[in-house]
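Student: Below you will find the structure I want to go over with you.
The values are calculated or read from the model by the stated rules, or taken from the named source; none is laboratory data. Everything quoted here is computed from the prediction, not taken from an experiment. Here Cβ is always computed from backbone atoms with ideal geometry, including for glycine, and neighbour counts include all displayed protein chains.
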Amino acid sequence: MKHHPISLAFDMRAPDLGTPVPELYAAAVDMARWADETGLSGLLLMEHHGSDDGYLPQPFTIGAAMAAVTKRIYFMLGAVILPLHDPVDIAEQIAVLDLISGGRLGVILGAGYVPSEFAMFGKSLGDRAKLMDDGIEIMLRALKGERFEHNGRPVFVRPLPTRDPHQILMVGGGVPASARRAARFDVGFGPMSGDLVDIYLEECEKHGRKPRRFNRPVPGMPQSIHLCEDAEQGWKVIEKHAAHVIRAYAAWAEQEGDGSNSPFKGLDSPEAVRASGIFVAWTPDMLIERMRELPNHAGITLQPLMGGLSPEEGWKSLKLLEQTLPRIRDLEAQG
């Protein structure tokens, strides 16, 4: 039987062209409750800082609000930009959110790449590899319950999460070093491209360990699907929101410089935004047709508030998904 996880993602961007911030936050919690009741697989909560459009800076906070109104759905926070933070503080937040959610938590740790964020937190981009390595080591030891010293600093975290931190933590990234880091620390892996998974699996074997949870991105799959009755009309609804998100990510990639491998670079016209396929407006029939071609466990993601999209339009997409779920389950049962 095939299985396709279906998730909702929230970055809480609220540009001036979109919905006011308070309405978006209220809708996001309502949508999380709906996703749980409807039987979706996951909620993805993102993190960035100092963004003009209010990109979500505190995924643990909104995650706790969502965990309080859900019972079954799994939370994935990603990527939490570890080098910006005190790892003891992040370990404590993980423990508390894992307890609130009853063990429904995964956290992808990212090294970060936006210079302005590092400047705001008083950190250096050049230190991010060391900050990742030290941070992961501290978090794993602390969340296992150890009382220890790290570089002369006493560390002791309570309460502890319900699960082994090796099951909670993942390393994200778009470079081979991220795959090696995930394997070295015996945690999961959330790469930006599927070819890095093979490096992760090889490294796990070298260390004599079974791989933890990992995602293998499918080339050509959109980052977000907006469901609609008519694809042309649906695209008109989301176009300015999709363009805003892509422009904002492209601006961060430009800060990163020539070394950036961002898929958002160069998408500077409405035609290029649509042709990229990063965000799509599909009818339910188009979704089912695409799902027939997908490998097993390929995930499907909707961003019902993408780029400040009005909750009314987001709910239309979600209701179409609900109507389409029986067809998706039938398709999966056929294998």
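Student: Mind checking which pairs have a first residue in the stretch 108-124 that is farther than 17 Å from L56 by Cβ and a second that is assigned to a loop (DSSP other than H, G, I, E, B) and not charged (D, E, K, R), Cβ under 7 Å, 6 or more apart or different chains?
Tutor: Going by the 7 Å Cβ cut-off, the qualifying pairs are F118/G112; F118/S124.
Student: If you check L17, L77, which single one turns out to be closer than 30 Å to L294 by Cβ and either free of Cβ contacts under 8 Å to residues at least 40 places away in the same chain or not small (G, A, S) (or both)?
Tutor: L77
Student: Sticking with this one: Only one of A91, A119, A177 is out of contact with any strand residue (DSSP E or B) (no Cβ under 8 Å at 6 or more places or on another chain) and buried (at least 20 other Cβ atoms within 10 Å of the Cβ). Can you tell me which?
Tutor: A91
Student: Yes or no: the stretch 20-42 includes at least one residue that is under 22 Å from A248 (Cβ atoms), under 15 Å from the mean Cα position of the chain (by Cα) and without any contact (Cβ under 8 Å) to a residue 60 or more places away in the chain.
Tutor: Taking every residue of the stretch 20-42 in turn, none turns out to be under 22 Å from A248 (Cβ atoms), under 15 Å from the mean Cα position of the chain (by Cα) and without any contact (Cβ under 8 Å) to a residue 60 or more places away in the chain.
Student: While we're here: Within the stretch 292-313, track down each residue that is within 24 Å of K2 (Cα to Cα) and buried (at least 18 other Cβ atoms within 10 Å of the Cβ).
Tutor: Selection gives A298, G299, I300, L302, Q303.
Student: Under 7 Å between Cβ atoms, at least 6 apart or on separate chains: pull out the pairs that start in the stretch 127-151 with a residue that is not assigned by TED's automatic domain parsing to the domain that holds D164 and in a helix (DSSP H, G or I) and end on any residue that is surrounded by 14 or more Cβ atoms within 10 Å (Cβ to Cβ) and polar (S, T, N, Q).
Tutor: none
Student: Then there is this: Residues that are touching a strand residue (DSSP E or B) at 6+ places or on another chain (Cβ under 8 Å) and within 30 Å of A111 (Cβ to Cβ): list the helices (runs of 4 or more DSSP H) wholly contained in the stretch 253-335 that include at least 1 such residues.
Tutor: Output list reads 270-276.
Student: Answer yes or no as to whether I238 is within 24 Å of S7 (Cα to Cα), among the β-branched types (V, I, T) and in contact with an Asp or Glu (Cβ under 8 Å, 6 or more places away or on another chain).
Tutor: The answer is yes for I238.
Student: To continue, here is another question. Determine, yes or no, whether R292 is under 20 Å from M221 (Cβ atoms) and not small (G, A, S).
Tutor: yes
Student: Turning to a different aspect of this structure: For A14, work out the one condition from (1) out of contact with any helix residue (DSSP H, G or I) (no Cβ under 7 Å at 6 or more places or on another chain); (2) outside the structural domain of L169 (by TED's automatic domain parsing) it doesn't fulfil.
Tutor: (1)
Student: Further question: So how many residues does the stretch 187-200 have that are of a type outside the set (F, W, Y) and buried (at least 16 other Cβ atoms within 10 Å of the Cβ)?
Tutor: Residues meeting the conditions: 8.
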